Structures are given as C-alpha cells and as structure tokens.
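Below: the structure, in structure tokens.
The values are calculated or read from the model by the stated rules, or taken from the named source; none is laboratory data. Nothing here was measured: the structure is a model prediction, and the numbers come from that model. Using ideal geometry, Cβ is built from the backbone for each residue, glycine included, and neighbour counts are taken over all protein chains shown.
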Amino acid sequence: MPGLTSGKAAGAGRAYAVAVNLSSTRILCAALLAAAAWPSQARPVPAPTRGQLLYETHCIECHTTQMHWREGRKARSWTSLKAQVLRWQQAANLAWDDADVEEVTRHLNATVYHFVQPQRSARTRLAGASAD
Ligand code: HEC
C-alpha cells in the first residue's frame with residue numbers, strides 16, 4: 001500500500017534524524033571532554049621574561065628579528081649589543097634604568113645574538129681586554 005510505504009519511509013527518516021542527533025551529542029561530549037582535558041595536556045608555556053615584554057612592547061614596532069641578523073650588524077658583542085639597546089631606548093624616550101637595559105639585552109642575546117655575557121665578577125678582569 002502506498003500509505004504504508006510512505007509511513008515506513010517517514011519512520012526511517014525520523015530514525016535517521018535521531019541517529020544524527022545522537023552522534024552530534026556524542027561529538028559535543030567528546031569536545032567537552034577534550035576541552036576539560038586540555039589544561040593537563042597542554043605543554044606549559046614559559047612565562048615571558050621582563051626583557052621580552054619590554055622589547056615586544058616598545059621595540060618591535062619598527063623592526064623584526066630580521067633586523068638583528070642583517071649583514072654588518074652593529075651589535076658585535078654583549079657590550080655593543082647593550083650599547084645599542086641603551087641607544088634605542090633613549091631614542092624612544094623610555095627612560096629605562098640599567099636593569100631594564102640589561103633585561104632587554106639579555107632577551108635579545110638569548111633569542112638572536114648568543115654573545116658570551118661577561119660575568120659581573122669577570123668584568124673588572126676583562127676591562128683591559130676589548131670585549132669586541
Ligand atoms: C623608531 C624605530 C625604532 C624603534 C622604536 C626601535 N628601533 Fe632598534 N633599530 C631601528 C633601526 C632603523 C635600526 C637599524 C639602523 C641603525 O642601527 O641605526 C635599529 C637597530 C637596532 C639594533 C642593532 C641591530 C644590529 O645588530 O645592527 C638594536 C640592538 C636595536 N635596534 C634595539 C632596539 C631596542 C632594544 C628598541 C626598544 C627600546 C628599539 N631598537 C627600538 C629602529 C628602531
């Protein structure tokens with residue numbers, strides 16, 4: 001009978017809709033579980049250093065890290081790198097103290113330059129020798 005056939009078809013359609021709803025509920029549950037599990041699975045991101053924050057706030061508006069790799073770069077040692085940081089914070093009128101300059105120099109050195117940083121105790125000994 002045509003009525004019965006179409007009734008069956010409608011029933012099948014309804015069953016299909018229920019299956020879809022169920023599976024989307026399952027997907028939602030899986031997503032919620034994944035979200036709940038996320039913090040324990042995420043690798044801890046190291047907190048940015050003070051030097052990084054200062055640099056990212058005040059300095060990268062003009063130059064990317066590319067600037068620090070260029071040919072004939074001005075920073076050729078820890079001392080000259082620190083001199084450049086001092087120069088640029090003056091140019092930007094930031095009035096950083098020595099600790100800030102040191103922090104940003106350390107950040108740039110750790111991320112880009114990798115110069116040997118003279119130790120405080122060794123500084124007097126190295127004073128006679130050129131650090132460049
Ligand atoms: C107004 C734009 C501008 C700002 C702001 C700026 N810089 Fe620069 N910086 C430059 C330019 C242009 C150069 C390359 C030309 C030069 O050395 O005179 C440069 C070069 C440098 C160099 C030397 C790169 C090398 O090895 O040759 C360092 C280090 C540096 N900047 C650090 C900083 C720091 C730290 C700050 C934030 C306090 C800063 N800059 C903010 C434009 C800027």
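Kindly provide the set of residues from the range 84-132 that are of a type in the set (S, T, N, Q) and either modelled with pLDDT of 90 or more or surrounded by 10 or more Cβ atoms within 10 Å (Cβ to Cβ) (or both), ordered by number.
Step one: list which residues in the range 84-132 are of a type in the set (S, T, N, Q), which gives 84, 89-90, 93, 105, 109, 111, 117, 119, 121, 124, 130.
Hits for the range 84-132 are Gln84, Gln89, Gln90, Asn93, Thr105, Asn109, Thr111, Gln117.
If only residues of the range 66-77 that are more than 6 Å from the ligand (Cβ to nearest atom) and surrounded by 11 or more Cβ atoms within 10 Å (Cβ to Cβ) are counted, the one that is modelled with the highest pLDDT is Ser77. Selection within the range 81-95: residues that are more than 7 Å from the ligand (Cβ to nearest atom) and in a loop (DSSP other than H, G, I, E, B). The member of this set that is nearest to Arg50 (Cα to Cα) is Ala95.
Among the residues of the range 48-65 satisfying the criterion of being within 18 Å of Asp97 (Cβ to Cβ) and part of a loop (DSSP other than H, G, I, E, B), which is farthest from the chain's Cα centre (by Cα)?
Residues of the range 48-65 within 18 Å of Asp97 (Cβ to Cβ): 49-55, 57-59.
Still in the running and part of a loop (DSSP other than H, G, I, E, B): 49, 59.
Numbers: Thr49: 11, Cys59: 16 Å.
Going through the qualifying residues, I end up with Cys59.
Of all residues in the range 93-122, those satisfying the criterion of being among the acidic types (Asp, Glu) and out of contact with any Lys or Arg (no Cβ under 6 Å at 6 or more places or on another chain) are Asp97, Asp98, Asp100, Glu102.
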